[in-house]
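**Q** Before we start, here is the structure in question, set down as structure tokens.
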Amino acid sequence: MDLRKLKTLIDLVSESNISELEITEAEGKVRIVKASAAAAPTQMMAYAMPQGMPPPAEAPRTAASVAAAEGEAPPAEAGHVVASPMVGTFYRASSPGGKPLVDVGSSVKEGEPVCIIEAMKIMNEIEATHTGTITKVLCENGQPVEFGQPLFVIE
């Protein structure tokens, strides 16, 4: 079918009260369906929660999220904080049951690996951001961590 003829048919359907038009010719078949104004609310309702379903559970609140919600800043750590550069699972050692890469009191140099974060089955070594001594380990082994979450404090 000719493109000009098809455009003319589309214009006719959009300007008329016709909601659907189907034409069969030797070259092929064309079906034009006009979206009605009543279709939009139906689509919006498709995303509504089914009746009788309980609302989604509220996420557990941590001390930092409670402080942030109340407008308070979480307590600042003394020294340099090594923050997680990604979302994943925090591991202190390079292998299960292995010796932790660093402990409280360990001396580290900038760029030295301090932990591993597993993200999408990839083990990512996280490096110390400063030279100094580890004064706090802020995460437990195997704990899920968020982007920007403090992991260690280096003084």
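Rule-based calculations on the coordinates, nothing more; no lab input. Since the model is a prediction, treat every value here as computed from it, not as a measurement. Backbone-built Cβ (ideal geometry, glycine too); neighbour counts: all protein chains shown.
**Q** Please give the charge dipole size of segment 77-154, origin at the Cα centre, charges +1 on K and R Cβ atoms and -1 on D and E Cβ atoms. Round to the nearest 20 debye.
**A** Values: 5 positive and 9 negative charges, 29 e Å.
That gives a dipole near 140 debye.
**Q** How would 3, 151, 12 line up from fewest to most surrounding beta-carbon atoms within 10 angstrom?
**A** On the way: 3 7, 151 21, 12 12.
Taking fewest neighbouring Cβ atoms as first place, the list is 3, 12, 151.
**Q** For segment 5-20, in order, what is each residue's ³J(HN,Hα) by Karplus, 6.51 cos²θ - 1.76 cosθ + 1.60 with θ = phi - 60°, in whole Hz (x at glycine and Pro)?
**A** Going residue by residue, I get 5, 5, 4, 4, 5, 4, 4, 4, 5, 5, 8, 9, 8, 6, 9, 8 Hz, with x marking Gly and Pro.
**Q** Could you please rank 24, 135, placing first whichever residue has the fewest other Cβ atoms within 10 Å of its Cβ? Don't jump to the answer; show the numbers that get you there.
**A** Values: 24 9, 135 16.
Exposure proxy ranking, most exposed first: 24, 135.
**Q** Relative contact order for segment 77-154: what percent, with Cα pairs under 8 Å and sequence separation of 6 or more? Can you show the working numbers first?
**A** Numbers: 182 pairs, mean separation 33.8, N = 78.
Rounded, it is 43 percent for segment 77-154.
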